[in-house]
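> There's a structure below that I have some questions on.
The values are calculated or read from the model by the stated rules, or taken from the named source; none is laboratory data. Since this is a predicted model, take the numbers as computed values, not measurements. Virtual Cβ from ideal backbone geometry, glycine too; neighbours counted across all protein chains shown. Only protein heavy atoms, including side chains, enter the accessible area calculation; ligands, DNA and RNA are left aside. Shrake-Rupley method; radii C 1.70, N 1.55, O 1.52, S 1.80 Å.
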Amino acid sequence: MLTVEASPGSVERRLAAGELSCPCCAGTLAGWGHARERSLRGPGGKLIRLRPRRARCRSCRVTHVLLAVFALARRADTAEVIGVALTAAARGAGFRSAAAGLGVPASTVRGWLRRFARRAGAVRAFFTALLAAAGPDPVMPAAAGSPVADAVAAIAGAASAVAARWPQLGEALVWQAASAASGGLLLAPGWPAGGRNTS
Ligand SMILES: [Zn+2]
């Protein structure tokens, strides 16, 4: 899996130009059909139909799904919607009030918050390292009062750094940046690996 920009036209142009690299071996990726169509719930419960492009590496021949940056692996909601819930939790909201107004079942939001809370320290370390690596004089976020709030503050702090690092994202939204930086794995099992090897 590889995180790419939201615009399918731009992804096609870069595939055709050989500008996308294999995450396994850095070989050149070529178009290789499409993955199964799926629907994502965007802001306001709006359904977004998505048929992710697949690509195959010309060197190692491994195929990869090109996941748009607003999506997260194995999640039915966009990174932005999940980010709104995590931001509410960072401000002290419980899962029911974080779910209110999102059009997402409270049990789903509870699952996101639990998963994020379990890895909050590792997520904070990952994004803090990203922020620290980004510029000569990065502004480190102050302690925000809880592990979840600290992690969300680190993500927000790293977002502008990520925009500079993945210029194809254009004006990166905070949670799209978080999706890109995690390779779409923000809430996936095993990410970030150990939480320490972030260089
Ligand atoms: Zn390869």
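> Across region 11-53, what is the number of residues that are under 28 Å from Gly83 (Cα atoms), more than 16 Å from the ligand (Cβ to nearest atom), assigned to a loop (DSSP other than H, G, I, E, B) and not acidic (Asp, Glu)?
6
> Within region 10-25, is even one residue over 19 Å from the mean Cα position of the chain (by Cα), open to solvent by 50 Å² or more (accessible area, probe 1.4 Å) and among the basic types (Lys, Arg)?
Yes, region 10-25 has at least one match.
> Sticking with this structure for a sec: Filtering region 74-86 down to residues that are surrounded by 22 or more Cβ atoms within 10 Å (Cβ to Cβ) and touching a strand residue (DSSP E or B) at 6+ places or on another chain (Cβ under 9 Å), which residue is farthest from Gly31 (Cα to Cα)?
Ala85
> Kindly establish whether Ser59 is among the small types (Gly, Ala, Ser) and either assigned to a strand (DSSP E or B) or within 16 Å of the ligand (Cβ to nearest atom) (or both).
When the stated conditions are applied, Ser59 passes them.
> Can you pull out every residue in region 109-133 that is more than 18 Å from the chain's Cα centre (by Cα) and in contact (Cβ under 8 Å) with a residue 12 or more places away in the chain?
Once the filter is applied, which keeps residues that are more than 18 Å from the chain's Cα centre (by Cα) and in contact (Cβ under 8 Å) with a residue 12 or more places away in the chain, region 109-133 yields Arg110, Ala133.
> While we're looking at this one, here's another question. List every residue pair whose Cβ atoms lie under 7 Å apart, where the two residues are 6 or more positions apart in sequence or sit on different chains, the first residue falls within region 60-73 and is open to solvent by 10 Å² or more (accessible area, probe 1.4 Å), and the second residue, located anywhere, is within 10 Å of the ligand (Cβ to nearest atom) and among the charged types (D, E, K, R).
Taking only residues 6 or more apart or on different chains, the pairs are Thr63/Arg56.
> Now for a separate question. Which numbered condition trips up Ala98, out of (1) farther than 30 Å from Asp150 by Cα; (2) free of Cβ contacts under 8 Å to residues at least 24 places away in the same chain?
(1)
> Test each condition in (1) surrounded by 21 or more Cβ atoms within 10 Å (Cβ to Cβ); (2) over 17 Å from the mean Cα position of the chain (by Cα); (3) among the small types (Gly, Ala, Ser) for Ala35 and report the one that comes out false.
Every condition holds for Ala35 apart from (1).
> Does at least one position in region 48-59 carry a residue that is buried (at least 21 other Cβ atoms within 10 Å of the Cβ), touching a residue at least 24 places away in the same chain (Cβ under 8 Å) and under 12 Å from Leu186 (Cα atoms)?
no
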